[in-house]
Amino acid sequence: QVQLVESGGGLVQAGGSLRLSCAASGSIFTIHTMGWYRQAPGKQRELVASITSGGNTNYADSVKGRFTCSRDNSKNTVYLQMNSLKPEDTAVYYCYAWHGVEYWGKGTLVTVSS
């Protein structure tokens, strides 16, 4: 059973940066796709960024140029570097992984103050 543990959320002022990390444990294989979703209050969960084991990335239009998703395959760990944060980035960020089956982390809160 794969477990995902996020870290790195917190409170930051607009224009600041945060780095989220998510480590997958319990897996003996390199997970195909890992990434991040977010859910703001009163809104649906949305994809922020994803990255395959081959390094192909996909970003939501709202974060392109500001966020960078990367991973360490040897550790089954995915990162989200968030720069130039805006108040509208405030949300709970969820790590997810897919390898034939979806796995989800419990989420980490990111709050961007204006």
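The values are calculated or read from the model by the stated rules, or taken from the named source; none is laboratory data. The structure presented is a predicted model; accordingly, all values stated were derived computationally and were not measured. Cβ coordinates were reconstructed from backbone atoms using ideal geometry, including for glycine residues, and neighbour counts include every protein chain displayed. Heads up: the accessible areas ignore ligands, DNA and RNA and are worked out on the full protein's heavy atoms, side chains in. Shrake-Rupley method; radii C 1.70, N 1.55, O 1.52, S 1.80 Å.
The table for this structure:
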item: Residues of region 47-62 that turn out to be under 12 Å from the mean Cα position of the chain (by Cα) and closer than 21 Å to Ser113 by Cα, as a count; result: 1
item: Which listed residue, of Gln81, Gln3, is over 10 Å from the mean Cα position of the chain (by Cα) and of a type in the set (S, T, N, Q); result: Gln3
item: Matching residues, region 51-94, being in contact (Cβ under 8 Å) with a residue 40 or more places away in the chain and hydroxyl-bearing (Ser, Thr, Tyr); result: Thr77, Tyr79, Ser84, Thr90, Tyr93, Tyr94
item: Wholly enclosed strands (runs of 3 or more DSSP E) of region 5-114 bearing at least 2 residues on the phi > 0 side of the Ramachandran plot and open to solvent by 20 Å² or more (accessible area, probe 1.4 Å); result: none
